[in-house]
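A short worksheet on the structure shown next.
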Amino acid sequence: MGGALTPDAFWNYPVRGFAYRGIEKIYPANIVQLFYLVALHEWLDKKMVSSSVEIKRAMRNMIVNSSNNATSLIVDVLTGTTSGPELPSAPFETWQYQRQIINRYYQSLDWPELDNINIMLENLG
């Protein structure tokens, strides 16, 4: 016999899975960009940042084109930091703390799923 199984018959068989780096908490860029978009709307709504033509363009390019440059600008706006030259130790620690503000925002929502969220582009570990 051949042919496709019915859905009921399919679920009678064990499902085989696959994971690549399955124990690591990583997120695809497009998912991370959605988190940045939500945070940006929150910052805008609370007047923590001001809207501008450049922010609107970056927001669109981040989502529509998955632009890394636009995403970098949005992260800089959200965190009040810039991607730039190497910093001495103490200013770098301050920069790292500020750069993590987006993670702290999501953790502050008290959703258990977001307790260990890490959506930052940099590996600060």
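Values quoted throughout were computed directly from the atomic coordinates according to the rules given, and no laboratory measurement underlies them. This structure is a prediction, so every number in the text was calculated from the model and none was measured. Every residue, glycine among them, receives a Cβ derived from its backbone with ideal geometry; neighbour counts consider all protein chains shown.
The C-alpha atoms of the chain define a longest principal axis, and helix 53-64 lies at about 20 degrees to it. Placing R0 at 22 angstrom, the Cβ-Cβ distance between VAL49 and SER89 gives a FRET efficiency of 0.20 after rounding to 0.05. The longest part of the chain holding none of the exposed loop GluC sites (Glu not before Pro), meaning those outside H, G, I, E and B in DSSP with at most 10 other Cβ atoms within 10 Å, is 25-85. Placing unit charges on each Cβ (+1 for Lys and Arg, -1 for Asp and Glu) gives the chain a dipole about its Cα centre, and among SER52, LEU109, THR71 the Cα reaching farthest toward its positive end belongs to SER52.
Can you work out the base-10 log of I(q)/I(0) for the chain at q = 0.09, 0.10, 0.20, 0.21 1/Å, using the Debye formula on its C-alpha atoms alone? Log-scaled intensity ratios, in q order: -0.38, -0.45, -1.21, -1.30. Taking the number of Cβ atoms within 10 Å of each Cβ as an exposure proxy, the fewest-first ranking of ARG16, ARG57, ARG104, ARG99 is ARG16, ARG104, ARG57, ARG99. Positive end of the dipole of the chain, charges at C-beta (+1 Lys, Arg; -1 Asp, Glu), about the Cα centre: which of LEU34, GLY80, TRP11 has its Cα farthest in that direction? Going by the Cα projections, it comes out as LEU34.
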